[in-house]
1. Looking only at segment 40-79, which residues are touching a strand residue (DSSP E or B) at 6+ places or on another chain (Cβ under 7 Å) and either within 16 Å of the ligand (Cβ to nearest atom) or farther than 18 Å from residue 107 by Cβ (or both)?
2. Kindly provide the set of residues from segment 88-104 that are surrounded by 12 or more Cβ atoms within 10 Å (Cβ to Cβ) and farther than 13 Å from residue 36 by Cβ, ordered by number.
3. Of the numbered conditions (1) without any contact (Cβ under 8 Å) to a residue 40 or more places away in the chain; (2) within 16 Å of the ligand (Cβ to nearest atom), residue 99 fails exactly one; give the number of that condition.
4. Would you say residue 52 is closer than 16 Å to residue 64 by Cβ and surrounded by 15 or more Cβ atoms within 10 Å (Cβ to Cβ)?
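Just so you know, all these numbers are worked out from the coordinates, no wet-lab data involved. In this text, all values refer to a predicted model and were calculated from it rather than measured experimentally. Ideal geometry is used to build each Cβ from the backbone, glycine not excepted, and the neighbour counts take in all protein chains shown.
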Ligand SMILES: [Zn+2]
């Protein structure tokens, strides 16, 4: 399961960071997940439940912000959201579009005491 291994590495990062900052309980986590990562928010939430047996995560609320797929036209430099595989530039119609967003997956921030 893709999402479980993603959550494994996310919780690993959080554990290390919390230890460094003397945090024993995390209350809120915000993740940014690009649509091209193919990670489903519901599946990430579900995978996160596995880690709630740990004291550090038991009261944590996981928020997931989905980032759309974004392209930049190589002809007119217009930036736009790509929906349903529509890869042509809406401004000039060019097909020379470079992907500039949608692959990200990172911890935006977390809170705890
Ligand atoms: Zn264009």
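1. Taking segment 40-79 as the starting set, the residues that turn out to be touching a strand residue (DSSP E or B) at 6+ places or on another chain (Cβ under 7 Å) are 41, 44-45, 48, 56-57, 59-74, 79.
Result: 68, 69, 70, 71, 72, 73, 74, 79.
2. Let us first name the residues in segment 88-104 that are surrounded by 12 or more Cβ atoms within 10 Å (Cβ to Cβ), namely 88-92, 94, 96-97, 99-104.
Matches in segment 88-104: 88, 89, 90, 91, 92, 94, 96, 97.
3. The single condition residue 99 does not satisfy is (1).
4. Working: closer than 16 Å to residue 64 by Cβ: yes; surrounded by 15 or more Cβ atoms within 10 Å (Cβ to Cβ): no.
Answer is no for this residue.
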